[in-house]
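To start, the structure under review is shown below, and the notes come after it.
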Amino acid sequence: MARPGDPKGHYARLGIAVWATQQAIDIAFQERTRELEPDRKPPPDAAERRQAIVEAHRDLSYAPHGRRGLLDVYTSEVTPA
């Protein structure tokens, strides 16, 4: 699942590019969590998938505890095509 610039697979988990904006990250997070809501007949592994999506959003957010800056610094240089 991991690819260059995405060692933990967070970008892939959210379905976004490694150069995605904060707005794109937030929208992808909302879409993915909406798919796994308990009221929508989620798949059996929904709890684990939702936790992974929450972790990805937390790590990629610029908000106070976001770690995206650190992830970007310590991963390979990836530029938009």
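Note on the range 6-64: Cα Rg divided by 2.2 N^0.38 Å, N the number of residues, gives 1.10.
For residue 59 and residue 41, the difference between the fully extended length at 0.36 nm per residue and the C-alpha to C-alpha distance is 3.7 nm.
Using the average count of surrounding beta-carbon atoms within 10 Å as a protection proxy, the listed peptides 40-52, 11-23 rank, highest first, as 11-23, 40-52.
To the nearest 0.05, how large is the calculated FRET efficiency for residue 24 and residue 51 if R₀ is 30 Å and r is the Cβ-Cβ distance? Efficiency, rounded to the nearest 0.05: 0.90.
None of the figures in this text is laboratory data; all of them are computed from the coordinates on show. Given the structure is predicted, the values throughout are model-derived calculations rather than measurements. Reconstructed Cβ throughout: ideal geometry from the backbone, glycine too, with neighbour counts over all protein chains shown.
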